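Written below as structure tokens is the structure these notes are about.
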Amino acid sequence: MEKLKNKVIVITGAAMGLGLASAMEAAKNGALLSLIDYNADSLEKAKSAIEAKYPSVQILTAVADVSDEASIKKYVDETVNTFGRIDGFYNNAGIEGRQAPLVDYDLEVFKKVVDINLMGVYYGLKYIIPVMQEQGYGRIVNVASVGGIRGVMNQTPYVATKHAVAGITKNTALEYGRFGILANAIAPGAILTPMVAEAFKQVNPADPQAAEDDYAKANPTKRLGRPEEVGKLVVFLLSEDCSYVNGQVIAIDGGQSNSY
Ligand code: NAD
């Protein structure tokens, strides 16, 4: 059964990683897609890859930086002009920044992480919620992280902004549930995407694979997650099957964040 048949779904950071995997899963489930990314080449490649697999899918793309408020307003308007509505929003674009202790953290990088991971998530909500409110229906999935429920060594701005995403999600749920809008966040553990591959390179530049293997040992499942596993959770949370889950931060991490 197509869980998102004819639903208009907006996805930020859609060109690779969790955004692309979720776009694929949404296309498989019958969605109409509005895909946003600031990497124009990768976005075009992602669009072609989705169309190759699901030829009947309709895709609108916009090259935009989620930390630029004017660009966000523009892609929201374009999506509504093209498809008439927005049923689901996968508010996914985010960056990790660099790895460094709090005191030594590069201030410019710190601010960039805040601009993208916090302000970018906020701007998307600011312009999409009114569209959903008008319709009396909407499903929102913000992307936090296990770094949004736990501390992570050497990643202060990432952890701070992902905790903020958890907070924004809870407030969105409180303030807009009565308009038929449900908002949840996912908190992925290590899912093997380009972003995580880059983190393993920083942890052990000489042997990133050793860093990955080492990390997997601590997971109850003894492996990293796969992007398509996240895509399936996202599709559920964006669908009408999700009807009474609201304001939750849902870990998808093989159970690792329960460990003390
Ligand atoms: P990724 O780097 O593989 O892909 C991110 C995509 O977002 C890229 O296509 C990039 O071009 C785009 N993007 C980044 N900043 C943008 C901006 N300002 N405007 C528009 N597009 C932008 O990353 P990923 O691993 O797929 O991560 C996606 C989200 O999931 C992020 O919010 C990340 O923090 C979160 N997350 C990932 C993991 C993981 O294990 N992969 C774990 C926890 C949380």
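The values are calculated or read from the model by the stated rules, or taken from the named source; none is laboratory data. Just so it is clear, the model here is predicted, and its values are computed rather than measured. Ideal geometry is used to build each Cβ from the backbone, glycine not excepted, and the neighbour counts take in all protein chains shown.
At-a-glance table
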item: Residue within the range 173-183 that is near the ligand (Cβ under 8 Å from one of its atoms) and closer than 23 Å to Q248 by Cβ present; result: no
item: Number of the condition not met by A52 [criteria: (1) farther than 25 Å from I250 by Cα; (2) under 18 Å from the mean Cα position of the chain (by Cα); (3) of a type in the set (G, A, S)]; result: (2)
item: Flag if I72 is within 16 Å of the ligand (Cβ to nearest atom), at pLDDT 95 or above, surrounded by fewer than 20 Cβ atoms within 10 Å (Cβ to Cβ) and within 20 Å of S22 (Cβ to Cβ); result: no
item: In the range 224-260, the residues that are more than 14 Å from the chain's Cα centre (by Cα) and assigned to a strand (DSSP E or B); result: G225
item: Residues of the range 149-184 that turn out to be in contact with a strand residue (DSSP E or B) (Cβ under 6 Å, 6 or more places away or on another chain) and among the hydroxyl-bearing types (S, T, Y), as a count; result: 2
item: Search result, residues across the range 27-44 that are within 15 Å of the ligand (Cβ to nearest atom) and surrounded by 14 or more Cβ atoms within 10 Å (Cβ to Cβ); result: L33, S34, L35, I36, D37, Y38, N39, S42, L43, E44
item: Residue match in the range 127-149 (condition: away from the ligand (no atom under 15 Å from the Cβ), surrounded by 18 or more Cβ atoms within 10 Å (Cβ to Cβ) and either among the basic types (K, R) or not assigned by TED's automatic domain parsing to the domain that holds A70 (or both)); result: yes
item: Of the criteria (1) part of a helix (DSSP H, G or I); (2) more than 19 Å from V76 (Cβ to Cβ); (3) of a type in the set (A, V, I, L, M, F, W, C), which one V152 fails; result: (1)
